[in-house]
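Everything below concerns the one structure shown next.
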């Protein structure tokens, strides 16, 4: 490399270093951030994913506050406050979407990690979009959606 090449690198090296640092500190961690959506099994059909997304997006009858996805995520963080449970090697999410007829679907999310389990069991009426809980944990999630300030 001639004198011009060395001069070129010397004058621009701080800018390159700053660019790499910005990537390493701000951009890459956000790209690697893992959340509930990232562990949804890819075995669900597009129709099943659409139903699951409708459940996640549900914000209650008044369309305010948080949605079901955020409420479920809060419950997971409460159960596993020590770090990002989604990255833990033992974390598995089983998702089952079943058409029960008449525009009703049952959505089950069985979240397992670190020898513990969170089992969400909900129904969605795709006609009106209403989501209801079938077990205590899911009812708690729906209550949180309804009454979140």
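If R0 is 35 Å, the Cβ-Cβ spacing of residue 104 and residue 38 corresponds to a FRET efficiency of close to 0.80.
Calculate, for residue 50 and residue 135, the FRET efficiency according to 1/(1 + (r/R0)^6) with r their C-beta to C-beta distance and R0 25 Å; round to the nearest 0.05. Please report the intermediate quantities before stating the final value.
Values: r = 23 Å, r/R0 = 0.93.
So the FRET efficiency works out to roughly 0.60.
Bear in mind these aren't lab numbers, they're just calculated from the coordinates by the rules spelled out. These numbers were taken from a predicted model, which means no experiment stands behind them. Quick reminder, even Gly has a Cβ in these numbers, built from the backbone with ideal geometry, and neighbours come from all protein chains shown.
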